[in-house]
1. Could you check the range 320-331 and list, in sequence order, the residues that are touching a helix residue (DSSP H, G or I) at 6+ places or on another chain (Cβ under 7 Å) and of a type outside the set (Val, Ile, Thr)?
2. Residue under question is GLY245, and the condition is that it be within 23 Å of ILE232 (Cβ to Cβ) and touching a residue at least 24 places away in the same chain (Cβ under 8 Å); does it hold?
3. Take the range 110-146 and flag every residue that is within 13 Å of ligand 1 (Cβ to nearest atom) and among the polar types (S, T, N, Q).
4. Considering each residue of the range 302-347, count those that are within 15 Å of ligand 1 (Cβ to nearest atom), basic (Lys, Arg) and either in a helix (DSSP H, G or I) or without any contact (Cβ under 8 Å) to a residue 60 or more places away in the chain (or both), and give that number.
5. So is ASP429 modelled with pLDDT of 95 or more, over 24 Å from PHE366 (Cα atoms) and in contact with a strand residue (DSSP E or B) (Cβ under 9 Å, 6 or more places away or on another chain) or not?
6. Is there a residue in the range 161-168 that is modelled with pLDDT of 95 or more, open to solvent by 10 Å² or more (accessible area, probe 1.4 Å) and β-branched (Val, Ile, Thr)?
7. Return a yes/no flag: does the range 242-262 have any residue that is within 24 Å of the chain's Cα centre (by Cα), assigned to a strand (DSSP E or B) and over 30 Å from GLU84 (Cβ atoms).
8. When you scan the range 382-397, do you find a residue that is within 16 Å of ligand 2 (Cβ to nearest atom) and charged (D, E, K, R), even just one?
Amino acid sequence: MVGKEHVLTDPQLRAGYERDWTGRFGSDALAVVRPGTVEQVAAVVALCAREGVAIVPQGGNTGLVGGSVPRGGEVVLSLRRLRELGPVDATAGQVEVGAGVTLHELQEHARAAGMEFGMDMASRGSATVGGMIATNAGGSQVMRYGSMCDQVLGVEAVLGSGQVIQRLSGLPKDNAGYDLVGLLAGSEGTLGVVTRARLRVVPRPRYRAVALLGFASVEGALEALAATRAAISSLLSADVFFREGMELVCAHLGSERPFTAAAQAYLLLEAASTHDVAPDLFHVLDRVPGVLGSAAATEPRDRQRLWAYRERHTEAINAAGIPHKLDIAVPPGAVAAFERELRALLAAEAPEARLFLFGHLAEGNFHVNIIGLPPEDERVDGLVLELVARHGGTISSEHGVGIAKARWLPLVRSEADIAAMAAVKRALDPALVLNPGVILGPLDRPA
Ligand code: 2HG
Ligand code: ZN
């Protein structure tokens, strides 16, 4: 169906598809199958459905919740060969691309046409459009442009039955029936396999300014965010991290801290627009109380240097140990109490563990990274997620539920809600072959 050379059974060739980025999740695949067209994807899915063989769809394999690597014996369906880049339509503000296009390729493609794709994240070099839709990825610009689902105007996808649905008209106002596009965004490969997407592009902000500020506590960072958000419309990002992360990243990169003042919480702000944003941003920040130290940049290389302190957390943590990663969000009003209680919880329950906390402050989205716990021991994960739920938060903010958090879904979704999701799953994937176990945990197979 796909050509012999695109069915990888040799363990060495399969290896790069079988384990996740952190080394925590993965197992042997039956085979890695690399289709080159939507027809081939449909044929492979239909065959697997007929034979009852489970499929794990995979994009750039940058997932962090075990949802895009095999759990044992599945077919890994790699979509990376679907790399078509359609022309950028400046009138509509849209572009159509294949699921295997990476975020970086898409960003460069939009920029070459004088436009911009509204999302960005550290995994841009490998993360693919299909994977970003499947996980409803977020990143550092959600405050301004929304999550991946907000960029998606249409998709082509293969459902669990092998049937292809195409909604690629790009009409921004099209209410003909259920929103299947929205349903597929965030479905983590459990309802269908995205093969193509029509995406929003935005005006290219030619001016950018970045500021990194240090505070005695996260409350200071929250106050600064509130002041900046109210004063300027060009705010793009507001990422947060803490002293332990700054120290780890500096040691990992062999670099100096950006300023000498000892801060407990760091806020990284970026403003971007079609006009110069630096004067407005720096003017507001000059008046923010409680700033212990700061660094600012407008030139690309200097901006990147400041972003590196935040973006290189993931790799610095990976180099220090196999992390337990909990991507969660709490309401802004609960951020400070959550941080305090999380630290107390770990000190009491796992004093040997090291906590690295960082994320996207505007959405209350924290990446709770814990090293020093046995990879298989999930006791502390459960306690942290219960704390999140008590604060009115969610157990999955931008990475997905995957395999990692399926058992805790009832913390934030009711019985009725889960039953509705299971009914949708059974309707679109009747043989239950698409990414089994992800989101909903194990479901009973049809007789
Ligand atoms: C980020 O914000 C990513 O850098 C990865 O969402 C988070 O490694 C993580 O836990
Ligand atoms: Zn993130």
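1. Matches in the range 320-331: ALA320, PRO323, HIS324, LEU326, ALA329.
2. For GLY245, the condition - within 23 Å of ILE232 (Cβ to Cβ) and touching a residue at least 24 places away in the same chain (Cβ under 8 Å) - is not met.
3. Passing the criteria: SER123, SER126, THR135, ASN136, SER140, GLN141.
4. Count: 1.
5. So ASP429 passes the test.
6. yes
7. yes
8. Within the range 382-397, none of the residues are within 16 Å of ligand 2 (Cβ to nearest atom) and charged (D, E, K, R).
The values are calculated or read from the model by the stated rules, or taken from the named source; none is laboratory data. All figures in this text were calculated on a predicted structure; none of them were measured in a lab. Glycine also receives a Cβ, built like all others from the backbone with ideal geometry; neighbour counts cover every protein chain displayed. Note: accessible area is taken over every heavy atom of the protein model, side chains too, but ligands, DNA and RNA are not part of it. Shrake-Rupley method; radii C 1.70, N 1.55, O 1.52, S 1.80 Å.
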